[in-house]
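Coordinate-derived values only; no laboratory data. Everything quoted here is computed from the prediction, not taken from an experiment. Cβ coordinates were reconstructed from backbone atoms using ideal geometry, including for glycine residues, and neighbour counts include every protein chain displayed.
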Amino acid sequence: MKFSSKNSDNSAGRDFDPKLSNADLLPVEKQTWNAYNITALWMSVIHSVAGYLTAGTLFSLRLASWQVFVVLILSVLVTLFLCNLSSKPSQVHKIPFPVLCRAIFGIHGAHIPSIVRMLICVAYFGIQTFLGSKAFNVALLKLWPNLAYLNDAQSPLLFAGLSPLGWLSFVLFWSVQVALFRARLSAVRLLIDFAGPAVYVVMMALAAYLVTTAGMANLRMSLTIEDEPLSLSETVLTMFSAMALIVSSMGSAIFSFCDFSRFAKSWNSVKLGNFFGLPINYLLFATLTVLTISATKPVFGQMTTDPIEMVAQIDSPMAVTVGALTLTMASIRINIANFVCPAFDLSNLAPKYISWHNGGLLAALAALLSTPWNWYDKPAAIRYTLGLIGAIMGPLYGIVIAGYYIVAKQKVWVDELYSTRPTGRYWYSNGFNPNALAALAISAPFAIGTVCFWH
């Protein structure tokens with residue numbers, strides 16, 4: 001899988017304003033990704049610690065296992081539809097998301113959706129880094145149990161809500177990711193090809209171990225966290241809410257995927273990769289999730305939705321270490337998108353001064369300072385966080401999609417996206433599209449208010 005945004009022939013002799021362009025924001029010269037590359041990227045997005053945690057929160061909604069399975073499958077079909085819509089513009093016109101937004105929001109107005117997406121991706125980068133560091137923590141404690149005193153949540157050495165060992169794991173994991181991603185993804189090429197299948201192998205082994213240990217007779221697919229089941233009307237309403245939760249959890253990926261679809265050889269490659277990477281891949285993921293979580297109660301005595309905790313409770317130190325390190329690699333793999341996209345967004349703010357490399361470093365620093373462990377470590381917090389993300393992303397997604405497919409009728413004058421001329425097609429009113437801003441001003445407060453009301 002080759003990642004490159006260097007340009008030569010396709011930008012030679014074209015009048016691109018340097019205030020709006022650099023090598024990373026210009027249309028790509030060569031589109032080389034095939035359907036497998038797209039599928040492999042989706043493997044990293046879906047099959048992760050965060051994916052299991054998100055699916056696990058559905059059990060806290062008192063849904064039965066088969067209902068969780070149905071919710072996961074229906075949610076991914078909705079995600080497939082939305083992702084196909086958002087992927088096409090960038091693949092056809094070879095441009096990243098921030099540049100596409102110039103056609104919808106205006107040359108300067110495009111900074112608004114770019115900043116919002118950047119903040120969301122930074123939050124996800126922090127979340128994934130925290131989850132990966134937790135897995136790394138498990139491996140450290142299994143190898144060196146004497147370090148347990150540094151992991152005490154009541155320790156006087158606790159800083160910003162994290163133990164000394166937690167800080168060590170988080171900073172080390174954060175540093176490794178930044179070092180890898182600063183190499184413009186070439187250094188993680190082997191990791192991308194290896195981590196996805198490796199995570200599947202580990203989670204399949206974990207599911208087999210738990211199901212075998214529990215015994216098929218003790219594996220109840222109607223298992224819920226609460227003893228009292230929901231009524232029919234409550235179940236239907238809860239399942240729709242759960243679908244919204246899952247789609248919200250994929251919101252960042254839906255918006256971010258266009259930064260990768262621009263490298264695809266053809267639109268058919270994108271559609272095929274999305275099909276195998278989303279519904280087919282997610283079918284296996286959903287099956288493993290339901291089987292694994294349903295088997296935790298008879299094995300561990302309580303339902304466990306966190307794969308890191310599942311791995312930590314296995315008796316074999318070697319198995320725990322291998323499993324934890326594999327989950328750590330999975331977090332690195334999914335963070336590729338969470339690093340690439342805010343790097344583009346920050347570069348778009350000042351292309352002349354902020355390169356893709358520097359933008360990614362700034363985003364990673366912001367993720368470090370966000371202390372994600374303080375707001376993403378409980379089921380209720382996960383649901384609320386994902387709900388807010390969906391509420392913010394929803395209006396922006398709708399405006400971009402409507403602007404491209406309905407208003408622009410899928411036509412974009414690429415050269416005009418890099419022009420600050422007052423007579424330019426996308427200059428609108430001083431660089432802002434009043435219609436797009438009005439739509440955002442009306443829809444965003446309503447969407448956010450709805451989430452706050454239901455929580």
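At full extension, Val201 and Gln154 could sit 13.3 nm farther apart than now, given 0.36 nm per residue minus the alpha carbon distance.
Given the chain, report the % of alpha carbon pairs whose separation exceeds 27 Å. Within the chain, distances greater than 27 Å cover 54 percent of Cα pairs.
Kirkwood's formula applied to the C-alpha pairs of region 11-81 gives a hydrodynamic radius of 16.1 angstrom.
Near Thr296: Cβ cut-off under 11 Å, other residues only, Lys/Arg at +1 and Asp/Glu at -1. The net charge is -1. Judged by the mean number of other Cβ atoms found within 10 Å, the most tightly packed of the peptides 200-206, 163-169 leads the ranking 163-169, 200-206. Near Ala264, the amide H atoms lying under 5 Å from its own belong to Trp33; only residues 5 or more places off or on other chains count, and H is placed 1.01 Å from N.
Net charge of the neighbourhood of Cys121, taken over other residues with C-beta under 12 Å away and scored Lys/Arg +1, Asp/Glu -1, is -1. Taking only the Cα atoms of region 221-374, the radius of gyration and Dmax are 20.0, 60 Å. You can think of it this way: the chain between Trp144 and Val70 has 22.5 nm of extra reach, that is 0.36 nm per residue less the Cα-Cα gap.
Model label points for Phe276 and Ala408, set 7 angstrom from Cα along the Cα-to-Cβ axis, are 3.0 nm apart.
Once you keep just the Cα pairs under 8 angstrom separated by 6 or more residues, what percentage relative contact order results for the chain? For the chain, the relative contact order is 35 percent. Rounded to the nearest 0.05, the FRET efficiency derived from the C-beta distance between Gln313 and Ile115 at R0 = 30 Å is 0.10.
The alpha carbons of region 288-384 stretch over 59, 32, 23 Å along the principal axes, in descending order. In terms of packing, defined here as the mean over residues of other Cβ atoms within 10 angstrom, the peptides 295-308, 313-326, 241-254 line up highest first as 241-254, 295-308, 313-326. Over all Cα atoms in region 390-455, the spread is summed up by Rg and Dmax: 14.6, 47 Å.
Farthest toward the positive end of the dipole of region 35-454, out of Ile246, Ala205, Met118, is the Cα of Met118, where the dipole comes from beta carbon charges about the Cα centre.
Per-residue extension of 0.36 nm, minus the Cα-Cα distance of Asp415 and Ile401, leaves a gain of 3.0 nm for this segment. Computed from Cα atoms alone, the Kirkwood hydrodynamic radius reported for region 113-157 is 12.6 Å. Projected label points at Leu77 and Asp17, each 7 Å from Cα along the beta carbon direction, are separated by 4.6 nanometres.
Backbone amide hydrogens, once placed in the peptide plane, bring Leu162 within less than 5 Å of nothing, excluding anything fewer than 5 places away on its chain. Each residue of region 25-35 is assigned a 3J(HN,Hα), and the resulting list reads 9, 6, x, 5, 6, 10, 9, 10, 6, 10, 4 Hz, derived from the Karplus form 6.51 cos²θ - 1.76 cosθ + 1.60 (θ = phi - 60°), x at Gly and Pro.
Residues whose amide H comes within less than 5 Å of that of Arg62, counting only those at least five positions distant or on another chain, are Ile225, Glu226 (H built at 1.01 Å from N in the peptide plane). When the pairs Lys134/Lys271; Lys30/Lys411; Lys142/Lys297 are compared against a 28 Å limit on Cα-Cα distance, Lys134/Lys271 fall above it.
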